[in-house]
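Okay, structure first, notes after.
The values are calculated or read from the model by the stated rules, or taken from the named source; none is laboratory data. All values derive from a computational prediction rather than experimental measurement. Every residue, glycine among them, receives a Cβ derived from its backbone with ideal geometry; neighbour counts consider all protein chains shown.
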Amino acid sequence: MREYETVYIFQPTLESEEIEAKLESYHQRLLGDDAEITAVEHWGRRQLAYEIAGQANGYYVVAQFRTEPSRLQPFESALKMDEAVLRHLVVLSEGESPVLPSLRGEDEEDEDDDRDDRDEDEED
Amino acid sequence: MTAFRKSCKLCDRDVERVDYKNADLLRRYITDRGKILPRRATGACSRHQHQLSTAIKRARFLALIPYIEGYRG
């Protein structure tokens, strides 16, 4: 049993019900034994940094789960077969937050500190 | 090129793990063309520079940041 994190990029044209249904069916493949979906976070439609399959936008979803490594192979092959999934990434979870970084409300003060540091360095 | 920096900014901020989903953070560690900045420019320690490298490559794959900025063709 290991902790994983997956990022899906769906076609931006899908209805939210379709996306929910797809997530449900994919996650069903991971479940069994003690497997558990620990987080599903919808980032929503975002602009892609470059076009994928002719699309400039994609619907991002981040999911975290705990499952047996042997369940990943069928899970990933299902994703690869689905043309509604522009791209997906499965990585071992390192305890990162699934929430969209810009919504996390991390301390802005640090950012300012960085800039101050840089100014000082350049004076040196 | 950025001036000499004594300490790793990520260490200063007690970053345990560089998150590949945090595109705003990663953008500070790539050039305006999208290349990964070398350690001599970022001042990052070995551990964080490695994490940055992996995170930037994952973020590129997910189209959160570009492979090449401004490429048309």
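Criterion applied to B:Thr54, B:Thr31 was being over 27 Å from A:Phe10 (Cα atoms), out of contact with any Lys or Arg (no Cβ under 6 Å at 6 or more places or on another chain) and hydroxyl-bearing (Ser, Thr, Tyr), and the one residue passing it is B:Thr31. None of B:Tyr71, B:Tyr67, B:Tyr20 is in a loop (DSSP other than H, G, I, E, B), at pLDDT below 90 and facing chain A (nearest Cβ under 9 Å) except B:Tyr71. Every condition in (1) farther than 29 Å from B:Tyr71 by Cα; (2) modelled with pLDDT under 90; (3) surrounded by 11 or more Cβ atoms within 10 Å (Cβ to Cβ) holds for A:Gly105 except the one numbered (3).
Of all the numbered requirements in (1) under 22 Å from A:Leu86 (Cα atoms); (2) part of a loop (DSSP other than H, G, I, E, B); (3) more than 9 Å from chain A (Cβ to nearest Cβ); (4) not acidic (Asp, Glu), B:Lys57 misses one, and that requirement is (2).
Of everything in region A:79-93 that's in contact with a helix residue (DSSP H, G or I) (Cβ under 9 Å, 6 or more places away or on another chain) and charged (D, E, K, R), which residue is modelled with the highest pLDDT? Taking the candidates together, the pick is A:Arg87.
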